[in-house]
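Worksheet: the structure to be examined is printed underneath.
The values are calculated or read from the model by the stated rules, or taken from the named source; none is laboratory data. All figures in this text were calculated on a predicted structure; none of them were measured in a lab. Cβ atoms come from the backbone with ideal geometry, glycine included; neighbour counts cover every protein chain shown.
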Amino acid sequence: MAIAGSAPRLSLGRAYGRLWRVWVRRHWPMILAALALTGIYAATSAALVRMTVWLVDAFEARDAAAIAWAPWVVIAVALARGGSLYAQAMLSNRVLATIEMDMQRSMHDALLAADLARMQAEAPAAYAARFTADIDLVRIVMQQIATGMVNIATVIGAFGQMLLIDWQMTLGVMAIFAAALVPVSRIGARLNRIARRTQAQIAAMTAQVNEGLAGARLAKTYRLEGYLAAAAGRAFDALRRLKVRTMDTRAAIDPVLEVLGGLALAALIAFVGWRIAGGASSLGDFSGFLAGLAIASQPLRKLGNLYGGMMQGLAALERIYTLLDTPNRVVDRPGARPLPPVRGAIRFEGVGFVYPDGTRALEGIDLDIAPGQHVALVGRSGAGKSSLFNLIPRLYDPTEGRVTIDGHDLRDVTLDSLRDQIALVSQDTVLLTDTVAANIGFGRPGATRAEIEAAARAAAAHDFIKALPHGYDTVLGAEGGSFSGGERQRLAIARAILRNAPILLLDEPTSALDAESEAQIRAALARLTRGRTTLVIAHRLATVRGSDLICAMDGGRIVEIGTHAELLARGGLYAELYRLQFRETD
Ligand code: ADP
């Protein structure tokens with residue numbers, strides 16, 4: 001059972017204190033209004049107790065006038081009770097929905113700002129689950145707290161009247177209910193433990209389902225349905241077991257309070273009954289006391305459940321706070337300056353890199369790239385090519401040595417100014433759900449339609465875009481924006497051309513395209529790379545022959561460096577890789 005993302009434990013006070021300070025407190029006018037309505041509701045609870053005393057005594061005294069009034073008073077109290085309850089619910093629903101949205105925004109902002117290391121720490125779907133499952137739990141708890149205020153007010157109202165009737169007896173009843181704190185808090189702690197595992201398991205289950213969907217093509221061709229069904233089945237089953245445990249544990253709260261309620265009632269009957277027999281108390285008092293106990297018992301039970309709910313919500317809050325609080329490794333350091341427009345000289349000086357999980361990916365990299373040079377990185381998979389690549393836009397920082405552009409250590413400049421001068425064309429061209437024009441336009445925010453079209457022409461993408469149902473305004477995804485591999489690449493190239501950055505990172509597609517696409521893309525790439533410092537991860541060695549410099553990588557090191565002819569003549573790793581591919585493509 002894969003459970004990812006353990007969160008530090010927080011106390012109830014700390015977790016809900018922060019919730020209050022950051023998200024809830026600013027809605028104080030609405031909350032105050034809701035509390036006022038709650039006060040009205042509580043007053044009606046007290047009124048009900050008082051009325052019972054009054055009515056029973058009136059009946060006993062055969063007071064006709066009072067009895068004639070009674071139905072109207074009952075209606076008035078019921079209306080006030082219902083009205084205040086409804087208005088309170090309307091107000092708190094609005095506040096709660098806003099709080100929920102604000103929390104989602106905060107989490108989303110935190111995720112967008114997270115560096116790659118953090119984003120890759122969990123499956124994307126596991127993060128997404130925080131926006132649904134964890135937020136849901138928090139909302140439910142806040143709802144319970146909102147109604148909890150009504151319950152507290154009801155209990156105070158009812159017990160207040162009971163105190164007036166017979167304070168000694170009331171204290172006795174309170175003591176009986178106070179005894180419930182011990183078992184209820186135990187159950188709460190248990191609920192918190194189970195909830196932590198449940199929320200993590202929901203995330204794992206979501207990730208599992210998502211994996212199956214995202215890899216649908218693989219799953220179908222390799223007929224992995226059985227495997228996926230079994231894996232998802234285990235995740236569902238783990239969740240089922242946790243849910244049963246949650247429900248069982250929660251179910252223990254009611255019986256505890258039920259038994260204590262029975263004890264309170266028994267004590268009441270014994271003592272007050274005895275007092276009435278002695279004439280010290282009226283039947284009205286007894287009935288009023290009984291009504292108070294009846295009014296308070298349901299809210300008391302709910303308060304017991306609220307505690308359990310808050311302990312469950314605590315687990316969700318811990319997970320949400322972890323997402324918000326985990327610091328980024330790659331950040332602007334204090335006093336970082338913007339990188340001025342560069343010529344594109346990139347230097348790696350004694351660079352080593354170890355991933356957060358301890359995997360060493362690069363060691364002793366020294367590389368000097370002149371402005372405008374085309375450098376190809378070749379090597380077997382796992383050699384460290386992508387890792388080296390990732391250091392340039394500072395997706396990661398090197399763990400040893402430094403990387404400079406035009407002599408500026410990348411850690412001294414602001415991330416935005418650095419990334420603005422880099423264009424990336426990766427194997428998996430990411431297209432967002434928006435128009436084609438917008439998808440190219442992401443290359444340079446603020447670009448005009450004419451500039452976007454010019455970039456598309458230079459990328460040999462104009463013709464196929466024109467052939468789409470709405471041309472540049474076709475919305476991807478929605479209107480059949482299913483592009484071929486070659487078309488996606490040309491969109492990515494158009495994006496990069498539009499960006500017009502001095503440094504270009506090109507992660508070459510692994511698979512070969514048909515001859516025509518290949519020729520078009522090669523021409524588009526030639527236009528794109530001209531005059532820019534270009535780093536290419538080359539998978540197909542046929543494309544690297546023209547590079548100014550080829551770096552052959554192995555085990556995180558650059559083992560050979562030179563031109564195609566030099567490296568072939570040397571007869572080392574590159575020559576071997578080249579020979580292997582040549583034979584494959586023969
Ligand atoms: P290449 O691009 O040449 O295939 P990579 O740079 O992706 O090689 O990988 C270099 C080494 O770093 C490999 O051992 C790989 O398993 C490891 N690695 C790559 N990405 C990560 C990551 N996110 N976390 C931990 N190790 C990684």
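Brief remarks follow.
- Pairs linking a residue in region 116-130 that is under 16 Å from Asn390 (Cβ atoms) and free of Cβ contacts under 8 Å to residues at least 24 places away in the same chain to a residue that is in a helix (DSSP H, G or I) and more than 12 Å from the ligand (Cβ to nearest atom), with Cβ atoms under 8 Å and 6 or more positions apart or on different chains, are Met119/Leu111; Met119/Tyr127.
- In region 359-372, residue farthest from Thr533 (Cα to Cα) [restricted to those that are more than 8 Å from the ligand (Cβ to nearest atom) and surrounded by fewer than 17 Cβ atoms within 10 Å (Cβ to Cβ)]: Gly364
- Residue within region 87-104 that is over 15 Å from the mean Cα position of the chain (by Cα), more than 16 Å from the ligand (Cβ to nearest atom) and among the basic types (Lys, Arg) present: yes
- Test result for Tyr321, within 10 Å of the ligand (Cβ to nearest atom), in contact (Cβ under 8 Å) with a residue 12 or more places away in the chain and surrounded by fewer than 21 Cβ atoms within 10 Å (Cβ to Cβ): no
- Residues (in a loop (DSSP other than H, G, I, E, B), away from the ligand (no atom under 14 Å from the Cβ) and either over 18 Å from Gly372 (Cβ atoms) or free of Cβ contacts under 8 Å to residues at least 60 places away in the same chain (or both)) located in region 537-564: Arg540, Arg545, Thr563
- Residue check for Ala97: surrounded by fewer than 20 Cβ atoms within 10 Å (Cβ to Cβ), hydrophobic (A, V, I, L, M, F, W, C) and in the same structural domain as Ala43 (by TED's automatic domain parsing): yes
- Filtered residues of region 376-420 (kept if of a type in the set (S, T, N, Q), outside any loop (DSSP other than H, G, I, E, B) and away from the ligand (no atom under 16 Å from the Cβ)): Thr404, Ser417
- In the set Asp473, Asp463, Asp434, only one residue is surrounded by fewer than 17 Cβ atoms within 10 Å (Cβ to Cβ) and free of Cβ contacts under 8 Å to residues at least 24 places away in the same chain; that residue is Asp463.
A quick yes/no check of all residues on (1) among the charged types (D, E, K, R); (2) in the same structural domain as Ala376 (by TED's automatic domain parsing); (3) within 16 Å of the ligand (Cβ to nearest atom); (4) part of a helix (DSSP H, G or I):
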position	(1), (2), (3), (4)
Phe483	no, no, no, no
Arg488	yes, no, no, yes
Ile497	no, no, no, yes
Leu505	no, no, yes, no
Glu516	yes, no, no, yes
Ala519	no, no, no, yes
Arg527	yes, no, no, yes
Leu535	no, no, yes, no
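- The number of residues in region 548-586 that are within 45 Å of the chain's Cα centre (by Cα) and either basic (Lys, Arg) or not assigned by TED's automatic domain parsing to the domain that holds Ser381 (or both) comes to 1.
- Hits in region 327-339 - residues which are more than 16 Å from the ligand (Cβ to nearest atom) and either surrounded by 15 or more Cβ atoms within 10 Å (Cβ to Cβ) or touching a residue at least 24 places away in the same chain (Cβ under 8 Å) (or both): Val331, Asp332, Arg333, Ala336, Arg337, Pro338, Leu339
- Selection count, region 565-578, where residues are farther than 20 Å from Gly382 by Cα and not in a loop (DSSP other than H, G, I, E, B): 6
- Within region 380-400, being within 30 Å of Glu576 (Cα to Cα) and in contact with a helix residue (DSSP H, G or I) (Cβ under 6 Å, 6 or more places away or on another chain) holds for one residue alone: Pro398.
- For Ala423: the one exception among (1) in contact with a helix residue (DSSP H, G or I) (Cβ under 7 Å, 6 or more places away or on another chain); (2) in a strand (DSSP E or B); (3) within 16 Å of the ligand (Cβ to nearest atom): (3)
- If only residues of region 341-358 that are assigned to a loop (DSSP other than H, G, I, E, B) and in contact (Cβ under 8 Å) with a residue 24 or more places away in the chain are counted, the one that is farthest from the ligand (Cβ to nearest atom) is Pro341.
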